[in-house]
Amino acid sequence: MKMNPIVELFIKDFTKEVMEENAAIFAGAGLSMSVGYVSWAKLLEPIAQEIGLDVNKENDLVSLAQYYCNENQGNRGRINQIILDEFSRKVDLTENHKILARLPIHTYWTTNYDRLIEKALEEENKIADVKYTVKQLATTKVKRDAVVYKMHGDVEHPSEAVLIKDDYEKYSIKMDPYIKALSGDLVSKTFLFVGFSFTDPNLDYILSRVRSAYERDQRRHYCLIKKEERRPDELEADFEYRVRKQELFISDLSRFNIKTIVLNNYNEITEILQRIENNIKTKTVFLSGSAVEYNHWETEHAEQFIHQLSKELIRKDFNIVSGFGLGVGSFVINGVLEELYMNQGTIDDDRLILRPFPQGKKGEEQWDKYRRDMITRTGVSIFLYGNKIDKGQVVKAKGVQSEFNISFEQNNYVVPVGATGYIAKDLWNKVNEEFETYYPGADARMKKLFGELNNEALSIEELINTIIEFVEILSN
């Protein structure tokens, strides 16, 4: 779905930052509230009642928590228990958490006490190095995939959480290493603030420090907020006041070079994150295929075709995932390595991911898992040939068919090159007959290019150019 130009530009720019590993996420309370956790105001409601205040009339909740401690001789035990009770509840992750964990982002900051980000990363089989004390900053978890900085503490240690005025006043001294770490990330990474209200005194202090140091040379950051809507029975003047205040707030964020993306509803956050994820995944191609013979192709020409196709995909900045299929995989490797080593002068492990299938009976039972693991990393699946030897006869490879089914199930774009024959031709016929199902809304150009993928009269160069042009349309 096409969004307004400002959102489209943000998606394009932030996708680029993620792919270049320059992106970071800052998650606020709004992200956690979407799973069913209550707001900070609702959490403090019984505390306010106990000291004779109405939480609905209080804007400064940090001071409210401090008042409670003052009235109880500095004892915050009940607040600690409220935090533990609320944020220890088991809740289901939202799609937003899942997408954020799937993205190739390695830095997460949050003021939330809960463990939703860590849980989401764990479910993606990523190792999270979680930091919420000063001493933890000095250690590094082995083979970590992401660092989660919990600058206000963790639910399992509520007595150490930052929540009352005393904590905020002492933060710059007790937690100075966190201030330095966040300041450094704000300088070197592009942040996306999600579910954040920017009322936190600590973040305001850190942003001000970065602004003072870099003035007009600050790095661009982004935040997603929902535009104000008129409440039931609200006076027009009150609504206009809130709208004006939001406009001034957005303008103030620009002092810190934070670009605000205003949304009509919170569902748009999920749509935007899905677009970013899809943009990234379509830059990684799954090459599926196996062959003991190559249809009308001479063996030498077929090998050259696979070699050159892989080389050209890398040259066009696509990454490749392959299962090392018989008669295909080795030529994929040769093409990729030639482009990376000979022409680009470097070999990056992310550019080619190989997952050779396990052998033997036990291995066969794991093949579906292996296929899913490979395909989930990609957004486009290209299918070549698809045959094997079975009982001395050349037969169509069911494994390639399985990879097609998984690809479509996981919402990959499927690109069977019918001109290579065998299963690939069967798959091309299937997609061609139901083209609108596989490519809803595709224009005449895409339909024409797809038709050419079945043209056996094309030269190697012409067929490769057609595949590349088709895949580039998908990635854009």
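Could you check the stretch 276-288 and list, in sequence order, the residues that are in contact with an Asp or Glu (Cβ under 9 Å, 6 or more places away or on another chain) and not polar (S, T, N, Q)?
Lys283, Phe286
Which residues, counting only those in the stretch 113-128, are part of a helix (DSSP H, G or I) and among the β-branched types (Val, Ile, Thr)? Full working, then the answer.
Of the residues in the stretch 113-128, the ones part of a helix (DSSP H, G or I) are 116-123.
Ile117 - this is the single residue of the stretch 113-128 that is part of a helix (DSSP H, G or I) and among the β-branched types (Val, Ile, Thr).
Are any residues in the stretch 242-261 in contact (Cβ under 8 Å) with a residue 60 or more places away in the chain and aliphatic (A, V, I, L, M), and if so, which ones?
If we filter the stretch 242-261 for residues that are in contact (Cβ under 8 Å) with a residue 60 or more places away in the chain, which is where we start, we get 258-259, 261.
If the condition is that a residue be in contact (Cβ under 8 Å) with a residue 60 or more places away in the chain and aliphatic (A, V, I, L, M), then Ile258, Ile261 are the ones that fit.
Return yes or no: is Val62 of a type in the set (Val, Ile, Thr), part of a loop (DSSP other than H, G, I, E, B) and either at pLDDT below 90 or closer than 22 Å to Lys150 by Cα (or both)?
no
Mind listing just one residue for me: the one in the stretch 129-164 that is assigned to a helix (DSSP H, G or I) and under 26 Å from Arg89 (Cα atoms) and, of those, modelled with the highest pLDDT?
Taking the candidates together, the pick is Gln136.
Suppose we keep only residues that are among the aliphatic types (A, V, I, L, M) and assigned to a loop (DSSP other than H, G, I, E, B) within the stretch 1-53. Which one would you say is farthest from His152 (Cα to Cα)?
Met1
Given the criterion crowded, with 20+ Cβ neighbours inside 10 Å, out of contact with any strand residue (DSSP E or B) (no Cβ under 6 Å at 6 or more places or on another chain) and among the basic types (Lys, Arg), identify the matching residue among Arg89, Arg102, Arg76.
Arg76
Pairs under 7 Å by beta carbon, first residue on the phi < 0 side of the Ramachandran plot and free of Cβ contacts under 8 Å to residues at least 24 places away in the same chain in the stretch 122-151, partner surrounded by fewer than 16 Cβ atoms within 10 Å (Cβ to Cβ) and hydrophobic (A, V, I, L, M, F, W, C), six or more apart or different chains?
Close Cβ pairs satisfying both conditions: Lys141/Ile127; Arg144/Ile127.
Can you tell me which condition Thr420 does not meet? The list is (1) under 17 Å from Leu384 (Cβ atoms); (2) without any contact (Cβ under 8 Å) to a residue 12 or more places away in the chain, and all the others hold.
Unmet condition: (2).
Scanning the stretch 165-197 for residues that are hydroxyl-bearing (Ser, Thr, Tyr) and out of contact with any Lys or Arg (no Cβ under 7 Å at 6 or more places or on another chain), which turns out modelled with the lowest pLDDT?
Checked the stretch 165-197; the qualifying residue modelled with the lowest pLDDT is Ser197.
The rows are residues; the columns are (1) closer than 27 Å to Ile423 by Cα; (2) surrounded by fewer than 20 Cβ atoms within 10 Å (Cβ to Cβ); (3) at pLDDT below 90.
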residue	(1), (2), (3)
Val321	yes, no, no
Phe324	yes, yes, yes
Gly327	yes, no, yes
Leu337	no, yes, yes
Leu340	no, yes, yes
Gln344	no, yes, yes
Ile347	no, yes, yes
Leu354	yes, yes, yes
Phe357	yes, yes, yes
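Filter the stretch 173-209 down to the residues that are of a type in the set (Phe, Trp, Tyr) and outside any helix (DSSP H, G or I), then identify the one that is nearest to Thr107 (Cα to Cα).
Phe191
Please work out which one of (1) in contact (Cβ under 8 Å) with a residue 60 or more places away in the chain; (2) surrounded by fewer than 16 Cβ atoms within 10 Å (Cβ to Cβ) is the condition Asp60 fails and give its number.
That leaves (1) as the condition not met.
What are the residues in the stretch 4-52 that are over 21 Å from the mean Cα position of the chain (by Cα) and surrounded by 14 or more Cβ atoms within 10 Å (Cβ to Cβ), if any?
The answer is Tyr37, Val38, Ser39, Trp40, Ala41, Leu43, Leu44, Glu45, Ile47, Ala48.
Among Asn264, Asn295, which is the only one that is of a type in the set (S, T, N, Q) and surrounded by fewer than 15 Cβ atoms within 10 Å (Cβ to Cβ)?
After applying the criteria, what remains is Asn264.
Looking only at the stretch 390-401, decide whether some residue is under 13 Å from Ser322 (Cα atoms) and in contact with an Asp or Glu (Cβ under 8 Å, 6 or more places away or on another chain).
No: zero hits.
How many residues does the stretch 429-459 contain that are among the small types (Gly, Ala, Ser) and surrounded by 10 or more Cβ atoms within 10 Å (Cβ to Cβ)? Working first, answer last.
Step one: filter the stretch 429-459 for residues among the small types (Gly, Ala, Ser), giving 441-442, 444, 451, 457, 459.
Those still in the list that are surrounded by 10 or more Cβ atoms within 10 Å (Cβ to Cβ) too: 442, 451, 459.
Looking only at that region, the number is 3.
Which one of these does Glu123 not meet: (1) under 16 Å from Met175 (Cα atoms); (2) modelled with pLDDT under 95?
(1)
Can you work out which of the residues in the stretch 79-99 that are modelled with pLDDT of 90 or more and in a loop (DSSP other than H, G, I, E, B) is farthest from Ala120 (Cα to Cα)?
Thr94
Looking at the stretch 282-310 only, could you name the residues that are assigned to a loop (DSSP other than H, G, I, E, B), over 18 Å from Asn334 (Cβ atoms) and not aliphatic (A, V, I, L, M)?
Thr282, Lys283, Glu293, Asn295, His296
Is it the case that the stretch 232-241 has a residue that's surrounded by fewer than 18 Cβ atoms within 10 Å (Cβ to Cβ) and touching a residue at least 12 places away in the same chain (Cβ under 8 Å)?
No: zero hits.
The values are calculated or read from the model by the stated rules, or taken from the named source; none is laboratory data. Owing to the predicted nature of the structure, the values given are computational and were not obtained by experimental measurement. Positions of Cβ are generated from backbone atoms using ideal geometry, with glycine treated the same way; all protein chains shown enter the neighbour counts.
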